[in-house]
Amino acid sequence: MAVSVKGSLISSQVDISSKAELVDAEINTRTGPHVSVASLYRPPTNVQNGCNYIDDNLTAAINQLCIKYPENPIWIGRDANLPEIDWRSDSVTGCKYNQNINSKFLTYCNKNGLEQTVDLPTRYDNLLDILLTNRPSLMSRTDSVLGVSDHQGILASSLVKPRYKRPVK
């Protein structure tokens, strides 16, 4: 899991004190606050007892990120493995997966003002790969693209203008 940033952009790694599978980078913008870009992975485990540790750490890391950057645009994406969340209606559908796991993740997203912007399936008919943001007005579009695994990739376009490093002459 990684957040890759083009070498010509001014960016830095952000330390999140958590055991969750989440990494974060801060990208400087031309004007306004930095953008926090994070990548997360939640294993497709469905067992309640095994998931408490994973989900508690993941939701705590997301919460920590949102508290650390209350004024900054935040983008958190990748594989959440929560196919029964209906992001359009902010509800949990179906009963194949543990409802508490889905509800807890959805509650933490709502509590932190995060909206999910991907509306296309990313693995078969399931929406597993997500892009959460606290500033959906800055996202111009999200599309799925052919991935390098069994998931489709997510390509997001933003209205944010990054700050570039000056070339060394």
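Where a number appears in this text, it was derived from the coordinates with a stated rule and is not lab data. Bear in mind the structure is a predicted one, so any value in this text is a computation, not a measurement. Virtual Cβ from ideal backbone geometry, glycine too; neighbours counted across all protein chains shown.
Residues 168, 145, 35 in ascending order of nearby Cβ atoms (within 10 Å, fewest first): 168, 145, 35. Extension gain for residue 28 to residue 71 (0.36 nm times residue separation, less C-alpha to C-alpha distance): 14.1 nm. For the chain, modelled as a GNM whose springs connect Cα atoms under 10 angstrom apart, the maximal fluctuation among 68, 96, 111 occurs at 96. Computed from Cα positions, the angle between helix 99-111 and the longest principal axis of the chain comes to roughly 30 degrees.
Can you match Kirkwood radius over Cα pairs in Å to one of these, (i) 16.6; (ii) 20.8; (iii) 19.1, based on a calculation from the structure here? The listed entry that was calculated here is (i). Structure remark: mean-square fluctuation, Gaussian network model of the chain, C-alpha springs under 10 Å; the largest value among 134, 100, 28 belongs to 100. For the residues 11, 158, 144, a GNM of the chain with alpha-carbon springs under 10 Å puts the largest fluctuation on 158. Using only Cα atoms and rounding to the nearest 10 degrees, what angle (0 to 90) does helix 48-68 make with the longest principal axis of the chain? Once rounded, one gets 30 degrees.
When only Cα pairs below 8 angstrom with a gap of at least 6 residues are kept, the chain shows a relative contact order of 21 percent.
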